[in-house]
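The values are calculated or read from the model by the stated rules, or taken from the named source; none is laboratory data. Since the structure is predicted, the reported quantities are computational estimates derived from the model, not experimental observations. Positions of Cβ are generated from backbone atoms using ideal geometry, with glycine treated the same way; all protein chains shown enter the neighbour counts.
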Amino acid sequence: MSIAALGSHRATGRTITEQFHAFDAHHPHIYKALEHLAARRLVAGAKRVSVKDLFEDLRRQLPDGVDGLNNNYTALYARRLLHEHPHWAQVFELRRRRAA
């Protein structure tokens, strides 16, 4: 299977990035919650923040959860956080993306 095929969802044919943008547009409060959680950790003295950990904290905080909060989105949320908060660059470790 090609790397490009790994980045698309078999049911919809949409890439992870396309799915993320659709999810983010329908659930803007998720980004705001992740941003708040990250800021809170930094104020508390954290030197590194994992968006995966933030996802798990968010899942615990939301009593009914969020349908569609996909772990595939962690890297995209990390990149968005860094885009909007470049001063957090040393806090998040980003890896090279293999899929679109």
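Numbers for the structure displayed
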item: Residue that is modelled with the lowest pLDDT, among those in the range 76-97 that are of a type in the set (Lys, Arg) and assigned to a helix (DSSP H, G or I); result: 79
item: Within the range 27-50, tally of residues that are under 18 Å from residue 76 (Cα atoms), among the small types (Gly, Ala, Ser) and surrounded by fewer than 16 Cβ atoms within 10 Å (Cβ to Cβ); result: 1
item: Which listed residue, of 67, 53, 24, is exposed (fewer than 10 other Cβ atoms within 10 Å of the Cβ) and either part of a helix (DSSP H, G or I) or acidic (Asp, Glu) (or both); result: 67
item: Scan of the range 35-50 for residues that are within 17 Å of residue 90 (Cα to Cα) and assigned to a helix (DSSP H, G or I), ordered by number; result: 35, 37, 38, 39, 40, 41, 42, 43
